[in-house]
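Each remark here refers to the structure printed beneath this line.
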Amino acid sequence: MRRQFGLRRLAAISAAAAVTLLHTTASFAHSGTAEEQSACTPDVLSLCFWQIPNEDKIVACLNKNVDRLSPECRKVIAGDDDSKTAKRSKK
């Protein structure tokens, strides 16, 4: 019974550490706009979780899995030329 308590405690601590890491990583992300980060966060968590917090590795992972990305994140990774053109024409 004592061993089960230890395993449950370890699982709880691990879960808390993972949540803290994800929250910290999301809070201090440097690349992309808030909209771009929002579009890709679910894909990063499902496909590239083990690359967190290395931003270069996350981008490489997303590029490697581009066929598995959500449509919103795929636009961010591929670069939405229409939105860039629209932004330039507004200047």
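The values are calculated or read from the model by the stated rules, or taken from the named source; none is laboratory data. No experiment lies behind these values; they were computed from the predicted model shown. Every residue, glycine among them, receives a Cβ derived from its backbone with ideal geometry; neighbour counts consider all protein chains shown.
Residues that are surrounded by fewer than 15 Cβ atoms within 10 Å (Cβ to Cβ) and in contact (Cβ under 8 Å) with a residue 24 or more places away in the chain within the range 35-54 comprise PRO42, PRO53, listed in sequence order. From the list ASP43, ASP67, ASP56, ASP82, the one residue that fits, being charged (D, E, K, R), more than 15 Å from the chain's Cα centre (by Cα) and modelled with pLDDT of 80 or more, is ASP67. Taking first residues from the range 62-91 that are over 11 Å from VAL44 (Cα atoms) and partners that are basic (Lys, Arg) and modelled with pLDDT of 50 or more, the Cβ contacts under 8 Å between residues at least 6 apart in sequence or on separate chains come to VAL66/ARG74.
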